[in-house]
1. Could you please tell me which pairs satisfy a Cβ distance under 7 Å, a separation of 6+ or placement on different chains, a first residue in the range 24-38 that is under 22 Å from Leu247 (Cβ atoms), and a second residue that is open to solvent by 40 Å² or more (accessible area, probe 1.4 Å)?
2. Within the range 223-232, identify whether any single residue is in contact (Cβ under 8 Å) with a residue 40 or more places away in the chain, outside any loop (DSSP other than H, G, I, E, B) and closer than 17 Å to Asp264 by Cβ, and answer yes or no.
3. Pairs only if they're at least six apart or on different chains, beta carbon under 7 angstrom, first in the range 688-705 and without any contact (Cβ under 8 Å) to a residue 12 or more places away in the chain, second not basic (Lys, Arg); list them, first residue then second.
4. Can you find, within the range 511-529, the residue that is most open to solvent (accessible area, probe 1.4 Å) among those that are assigned to a helix (DSSP H, G or I) and touching a helix residue (DSSP H, G or I) at 6+ places or on another chain (Cβ under 9 Å)?
5. Kindly provide the set of residues from the range 546-574 that are open to solvent by less than 60 Å² (accessible area, probe 1.4 Å), in a helix (DSSP H, G or I) and over 14 Å from Ser588 (Cα atoms), ordered by number.
6. Suppose we filter Tyr358, Tyr322 for residues that are in a loop (DSSP other than H, G, I, E, B) and either modelled with pLDDT under 85 or farther than 30 Å from His504 by Cα (or both); which single one remains?
7. Within the range 370-382, track down each residue that is open to solvent by 20 Å² or more (accessible area, probe 1.4 Å) and either more than 18 Å from Ile424 (Cα to Cα) or within 16 Å of the ligand (Cβ to nearest atom) (or both).
8. Going by what's in this entry, would Ala280 be described as open to solvent by less than 20 Å² (accessible area, probe 1.4 Å), part of a loop (DSSP other than H, G, I, E, B), more than 26 Å from Ala216 (Cα to Cα) and in contact with an Asp or Glu (Cβ under 9 Å, 6 or more places away or on another chain)?
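The values are calculated or read from the model by the stated rules, or taken from the named source; none is laboratory data. Values in this document were obtained by computation on a predicted structure and should not be read as measured data. Note that each Cβ is placed from the backbone with ideal geometry, even for glycine, and that neighbours are counted across all protein chains shown. Note: areas computed on protein heavy atoms with side chains; ligands, DNA, RNA excluded. Shrake-Rupley method; radii C 1.70, N 1.55, O 1.52, S 1.80 Å.
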Amino acid sequence: MPGFASNSKRSFFPWLKRELEAKGHSVQALDLPDARIPNIANQIEAVLKQVKFGPDTILVGHSWGAVVALKILEKLKTPIAGTILVAGLIEPAVKNRESWPLRLIFNWRFTWPKIKKNAGWVKILRDLKDPLIADNQGLRIQQELGGDLIEFEAEKAHVCGKVEPVVLEHCLEKIKIFTTRPDTLFGATYLVLAPEHQIIQNLIRQPSKKIKNLPAIKNYLTKTKKRTEIERTAEGRDKTGVKIEGLEAINPANGEIIPIYIADYVLVDYGFGAIMAVPAHDQRDWVFAKKFKLPIKLVIWDRQKLTDKSSQIVEDVLEQAYVGEGILVNSDNFSGLSNQKAKIAITKFVRGHLVTKYKLRDWVFSRQRYWGEPIPIIHCANCALNNPVGRGIVPVPEKDLPVKLPVVKSYAPTGTGESPLADITNWVRVKCPVCGAWAKRETNTMPQWAGSSWYYLRFIDPTNKKFLADPKKLQAWLGAGSPLRNLSQANIGGVSMYVGGVEHATRHLIYARFWHKFLFDLKIAPGSEPFSQLKNQGLVLGPDGRKMSKRWSNVINPDDVVRDYGADSLRLYEMFMGPFEQSKNWNSDNLMGVRRFLDRVWRLSFKVSKTDIKIASDLESLQQKTIQKVSQDIENFSFNTAVSTLMIMANNLELAETISRSLFKDFLKLLAPLAPHLTEELWSNLGEKRSIHLATWPIFEPSKIKINSFKIIIQINGKVRDSFQVEVGTSEAEIKKLALLRPIIIQWTKDQKISRMVYVPDKLLNLVLA
Ligand SMILES: [Zn+2]
């Protein structure tokens, strides 16, 4: 219904009608009689004559049309499905329009209980910059009628654009979906709603005749109420659900009509309580689809195994959902894309947007162990009597914090399931800080993840008795933009480089971030993020390539390695094993190799000159390259190549008869982070008084690097086609041979005879084709 002085040909009405009809709805765009000087009774009569209202009707009114809509709802005998009030009003609250006739000719009274009874679901759409309707009207309608108030910026003021997508969106019952796999959207063959989803709730409250199996739905809802979240989502549990007969959804990617199920493996508070089910690529959907005999459509498949018959793959090959990477099939224009690229492309195509979501796992916070931080709570029976709501749970006053563990002889469990602390009466018994009666301390302790959620803040100032840590120190070490921080992420603040196992991703890192943000809100943590850069180290596997475990008897005990080879050997070997983030197998032969390298470094120290002597230029060049490479490698966590670079340097030092003192000192400094003990010893043997670990890092001097390669340009018939680096001292014949082996040159000279090669020393090679 159009607004004051308007009609069905104006504003967004023609467009909205077309859009809704294209989706299969039948739409009546109404004109109201005497649009400029409305008589509400006549208008109501005209509408009731033209329209057959039923339980599936949705009434949309714009501006004055919204007032008419409410008046029509007063008159109806039975409820409709829903009401959408666009830029509506219920008081003559029109801005800057003192002369507006409706202020006077309409009485502005509504029978709200009747309207409420007939309105169905209600959506109130308000233009945030509406120049006509008073700003409070959206809220006023909501106060009277309930429903959702949707505030947005209209395409044109007072929601008068030719196209107003928000209006369309709310006319259609759109089901919002959260998915981590938009790349699989073309494979969605059904939709699942959580039993608590609003649509289901509306359906129960106000049944539509369209729904054919309401008793079955109600029955299912009753059953799921009894199940816990853990039961509902447990892997391997039999999947249950019920189809909503008479209601269907449209897959926005391909326009396919798909059935809607209610199933309790979908939780209402995760995402939006609704999922697009892609049985070919999600195992839970797979199990559900098999049980309910729903279609399974493959849309991603391994590039290597691709054939054109994807339905055959489902029937012949797939025994469970395919959750791997691959390229898209059966996905219209997106077929052929890698699934990673498709994620973004398809999200854009269906006008979705990318979000980051976190799922914090439940965390049992109390442990029945001695070792853990005591929970600072006192249980007082007297307070419980006086105030049953508080149940006598009294926090330990801040001045008495921290509660320390008692010194005891035995930490052993009590055997009763209670914490070992429960037996220590003189610790447990305490005066209630509120009423002074005898009370009991909480005897459960915190789990180890409690302390690990903030220890990095305490490490900054571990002996501080007043604060968690001195705020100035926290700011200096962890504050954003602090001059002590020189990593590129310095702006974020937090620990510059955080290293841990990948298993931390779902627990420790999220808990720590949660605590950190809490402490930031309390103005204790100096920035909003705990860590600015994260690296996950790879796992060290057993010599057999399996995870170390007593079960496989492949465990290498570091204590044994330290005893037999020394701590530096162990450390250096672990650095040398391979790329930092990759898992790698333990190899005792390589460990021995590293130990031998350290022995050689020890022997090198006997050849060090008493004073600084001139360093041969080749060696000096290598020294500079070593400084450059090791410095970069350490910054980049490329420890294995740093070690091999130092090994090359050591090989060269072994060839020298005497080693310059300054050269050897630089070498030790570079090795010091990797073999701290040996280098400290050798450093001290050189007569140095301070620790090597306090010495300044060697500075790379590029000018001292001898240039030992140069560029040769290759021309063909005088035109530049390619170039490559050659080592100093490479012969002309060798250069010609190398040039002819280059793929680009092979391309250019294919099937043609080279009649001549002209070589300009150190610069250019010209090939003349016959
Ligand atoms: Zn008390």
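1. Val27/Lys17; Val27/Glu21
2. First pass over the range 223-232, keeping only residues in contact (Cβ under 8 Å) with a residue 40 or more places away in the chain: 224.
Subset that is outside any loop (DSSP other than H, G, I, E, B): 224.
This time we only want the ones that are closer than 17 Å to Asp264 by Cβ, so: 224.
There is at least one residue in the range 223-232 that is in contact (Cβ under 8 Å) with a residue 40 or more places away in the chain, outside any loop (DSSP other than H, G, I, E, B) and closer than 17 Å to Asp264 by Cβ.
3. Here the result reads Ser691/Glu680, each pair linking the range 688-705 to a residue that is not basic (Lys, Arg).
4. Narrowing the range 511-529 to residues assigned to a helix (DSSP H, G or I): 511-521.
Then drop every residue that is not touching a helix residue (DSSP H, G or I) at 6+ places or on another chain (Cβ under 9 Å), which leaves 511-512, 515-516, 519.
Details: Tyr511: 6, Ala512: 0, Trp515: 61, His516: 2, Leu519: 20 Å².
Only one residue fits best here, namely Trp515.
5. If the condition is that a residue be open to solvent by less than 60 Å² (accessible area, probe 1.4 Å), in a helix (DSSP H, G or I) and over 14 Å from Ser588 (Cα atoms), then Ala567, Asp568 are the ones that fit.
6. Numbers: Tyr322 fails: either modelled with pLDDT under 85 or farther than 30 Å from His504 by Cα (or both).
Of Tyr358, Tyr322, the one residue that is in a loop (DSSP other than H, G, I, E, B) and either modelled with pLDDT under 85 or farther than 30 Å from His504 by Cα (or both) is Tyr358.
7. Applying the first criterion (open to solvent by 20 Å² or more (accessible area, probe 1.4 Å)) to the range 370-382 yields 371, 373, 375-377, 379, 381-382.
Pro376, Ile377, His379, Ala381, Asn382, listed by residue number.
8. On the way: open to solvent by less than 20 Å² (accessible area, probe 1.4 Å): yes; part of a loop (DSSP other than H, G, I, E, B): yes; more than 26 Å from Ala216 (Cα to Cα): yes; in contact with an Asp or Glu (Cβ under 9 Å, 6 or more places away or on another chain): no.
Spelling it out, it is not the case that Ala280 is open to solvent by less than 20 Å² (accessible area, probe 1.4 Å), part of a loop (DSSP other than H, G, I, E, B), more than 26 Å from Ala216 (Cα to Cα) and in contact with an Asp or Glu (Cβ under 9 Å, 6 or more places away or on another chain).
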